[in-house]
1. Tell me, please, whether a residue that is more than 16 Å from ligand 2 (Cβ to nearest atom), in a helix (DSSP H, G or I) and open to solvent by 30 Å² or more (accessible area, probe 1.4 Å) can be found in segment 80-102.
2. Looking at (1) within 15 Å of ligand 2 (Cβ to nearest atom); (2) of a type in the set (A, V, I, L, M, F, W, C); (3) open to solvent by 10 Å² or more (accessible area, probe 1.4 Å), which is the one condition that is false for Phe135?
3. If you go through segment 63-72 one residue at a time, do you hit one that is under 20 Å from the mean Cα position of the chain (by Cα) and among the acidic types (Asp, Glu)?
4. For the subset of segment 137-162 comprising residues that are within 13 Å of ligand 1 (Cβ to nearest atom) and not in a loop (DSSP other than H, G, I, E, B), which member is nearest to Glu33 (Cα to Cα)?
5. When Leu73 is evaluated against the numbered criteria (1) under 16 Å from Leu391 (Cβ atoms); (2) surrounded by fewer than 24 Cβ atoms within 10 Å (Cβ to Cβ), which criterion, by number, is the only one it fails?
6. Examine segment 193-214 for a residue that is touching a Cys at 6+ places or on another chain (Cβ under 7 Å) and either open to solvent by less than 40 Å² (accessible area, probe 1.4 Å) or closer than 19 Å to Leu292 by Cα (or both), and state whether such a residue exists.
7. Could you list, ordered by first residue, the pairs with Cβ atoms under 9 Å in which the first is in segment 255-281 and of a type in the set (S, T, N, Q) and the second is in a helix (DSSP H, G or I) and open to solvent by 30 Å² or more (accessible area, probe 1.4 Å), at least 6 apart or interchain?
8. Can you name every one of the strands (runs of 3 or more DSSP E) wholly within segment 283-392 that holds 3 or more residues which are open to solvent by 10 Å² or more (accessible area, probe 1.4 Å)?
Amino acid sequence: MERDTRVLSNEMVEQITSIRRAIHQHPELSNQEHATQALVERTLRDAGLDSISTVAGTGLIVDIHGTPANKQLVLRADMDALPIQEERPDLPFASGQPGVMHACGHDAHTAMLLGAALLLHQSRDQLKGTVRCVFQPAEEAEPLGGRAVVEAGVLENADAALALHIDPDIEAGSIGLRDGAMLAGGMEFTLTVKGRSAHAARPHHGVDSIYISACIVQALQSVVSRRVDPLEPCVLTIGKIHGGTAKNIIAQQTIIEGTARVLSESLREAVPGLILDTANSIAAMHGATVELDVAPGEPVLENDPEVNRLARRAADRVIGAEQIIDLPVGTMGSEDFAFYTQRIPGAMFRLGVRAPDDRHPHPLHHPKLNVDESALPVGAAIFVEAAREFLS
Ligand SMILES: [Zn+2]
Ligand SMILES: [Zn+2]
């Protein structure tokens, strides 16, 4: 595959590849990215960047100032790994941390943004404005780093934000773009069904929270199929249910836990009410009560068309228009970069990392996820090109 790496020198490609491998070998869970944070800071300081500050505990911000300080573009990478045991014993830089793995490519994200920061620093006299690079912690688990970064005021002077995410379904050397809703907004919920215990042989003396919960679990799928517009993506999954204390006792209480994902903010607001309506009605029918607790997760990630066009032009210069894929649909996964795009115009593009001969790539969050490293200079170069144009 032809690839234009004129943006990055061979030395820079080698540097970001070895950084990615070092981070891959030492993965850290969400909000525990101390060594990764230290490695990023050391690399930046060694290259002469010093406008560095800590954010959200284990995150880092580095500003690259040009003159005049007209505009500000935020480039963002996430740094955390997942509680997954890597299953690639052949990999020379496989995770050295049992049960922890960079299975979502955040090692690659961090290395690419580091490379972009070093390059933009070298050519900072050509920037009319500031590039703010955000090395964000905790994309994978609460408390989410994306929310913490935005609440810390990191975007206060920013005009736009750009991020990327690796995509094992797209061949390395290509990227995917999509305007509008790209990734789902979500929430986690807990339904507590309260009945009344009784002897198992005398159910009419009690209110059976397990039976009622079974009815509720079934009926909740009718929220998706009967209450939500079929043209609106919505998924509702019960992942955990627990009730009762013994085989021969009517269960006094059952707890149902699940998650909901949607691609529109209006539906995201409506879903808790629909869940509660359904659960309440069924519980009332049987003389039980329910309580609903909702923990809001990520908002819907809405790609701004203008920022997307900036990314498209940058990618066009790096890989050529024929390597840019227009993604027909979003996905029901979530990404906490959505907190940024909720606040300022922003976009996230998908960076292909599938090796050309890999017919059945493992998905994100898989213990055998593979990242074709030829994608690293592509992602870094698109960041650099986008920043140079935005601040030209
Ligand atoms: Zn992930
Ligand atoms: Zn991710």
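The values are calculated or read from the model by the stated rules, or taken from the named source; none is laboratory data. This is a predicted model, so every value here is computed, not measured. Every residue, glycine among them, receives a Cβ derived from its backbone with ideal geometry; neighbour counts consider all protein chains shown. The area values use the complete protein model at the heavy-atom level, side chains included, leaving out ligands, DNA and RNA. Shrake-Rupley method; radii C 1.70, N 1.55, O 1.52, S 1.80 Å.
1. No, that holds for no residue.
2. Just one mismatch for Phe135, condition (3).
3. Taking segment 63-72 and keeping what is under 20 Å from the mean Cα position of the chain (by Cα), we get none.
Checking segment 63-72: not a single residue is under 20 Å from the mean Cα position of the chain (by Cα) and among the acidic types (Asp, Glu).
4. Across segment 137-162, the extreme among qualifying residues is Gly145.
5. Checking Leu73 against (1) under 16 Å from Leu391 (Cβ atoms); (2) surrounded by fewer than 24 Cβ atoms within 10 Å (Cβ to Cβ), the one that fails is (2).
6. No.
7. Filtered contacts from segment 255-281: Thr278/Ser222; Thr278/Arg227.
8. 289-296, 324-326
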